[in-house]
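Read through the structure below, which is laid out as structure tokens, and then see the notes.
The values are calculated or read from the model by the stated rules, or taken from the named source; none is laboratory data. Since this is a predicted model, take the numbers as computed values, not measurements. Note that we place each Cβ from the backbone using ideal geometry, even for glycine, and neighbour counts take in every protein chain shown. To get the accessible areas, we keep the full protein, side chains included, count just its heavy atoms, and leave off ligands, DNA and RNA. Shrake-Rupley method; radii C 1.70, N 1.55, O 1.52, S 1.80 Å.
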Amino acid sequence: MHYDIENSEDLAPHLQRMVDHGVNGLDIMHGELKNLMLMADARFTEAQQIEEENDYSDAMESMERKYWEGMSDIMKDIFDNNQITDLAANDYVDEAVPAGITLKQIFDQFWEDVDSLGFTMDHGGEILEETIRDWMREKDFLVALDDDGWLDDEPGDN
């Protein structure tokens, strides 16, 4: 039976019994964490087996993984193709990734912000790329090279 710890101020019954029998609190926590890790590992192993049995082709099993791989591919593509240190003096580009910014910094910040960006699996690739570019501009991972106002809102966009 699953105990809903998130919506209760009481301990799960099996934990409460250990407290009632005087078991050390640290021992209780250690044992429970070990149990939770074993259950999570079993779920992971089961999910892996299902994907392998289906040759990774079951859309419902792998869709979310593919979706997030696509997100990281978009960021990596923007990062790789917009390095300020790689731009030639006569390249026609309006923005670039500043020197010193790493892809890991971008991924780490993205992971922190992703819930607030409102992504769903209903978004197409073009919308995702546009949203990621806008987010990268907002976080100064992608900056305008000249202050020519091209990033400013056009009149009537409000």
Checklist entry - Which pairs have Cβ atoms under 6 Å, sit 6 or more apart or on different chains, and link a residue in the range 17-44 that is at pLDDT 80 or above to one that is surrounded by 10 or more Cβ atoms within 10 Å (Cβ to Cβ) and among the small types (Gly, Ala, Ser)? => result none
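Could you check how many residues of the range 133-151 are modelled with pLDDT under 75 and open to solvent by less than 60 Å² (accessible area, probe 1.4 Å)?
1
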Item to check | All positions within the range 82-118 that are part of a loop (DSSP other than H, G, I, E, B), touching a strand residue (DSSP E or B) at 6+ places or on another chain (Cβ under 9 Å) and modelled with pLDDT under 75 | outcome: 82, 87
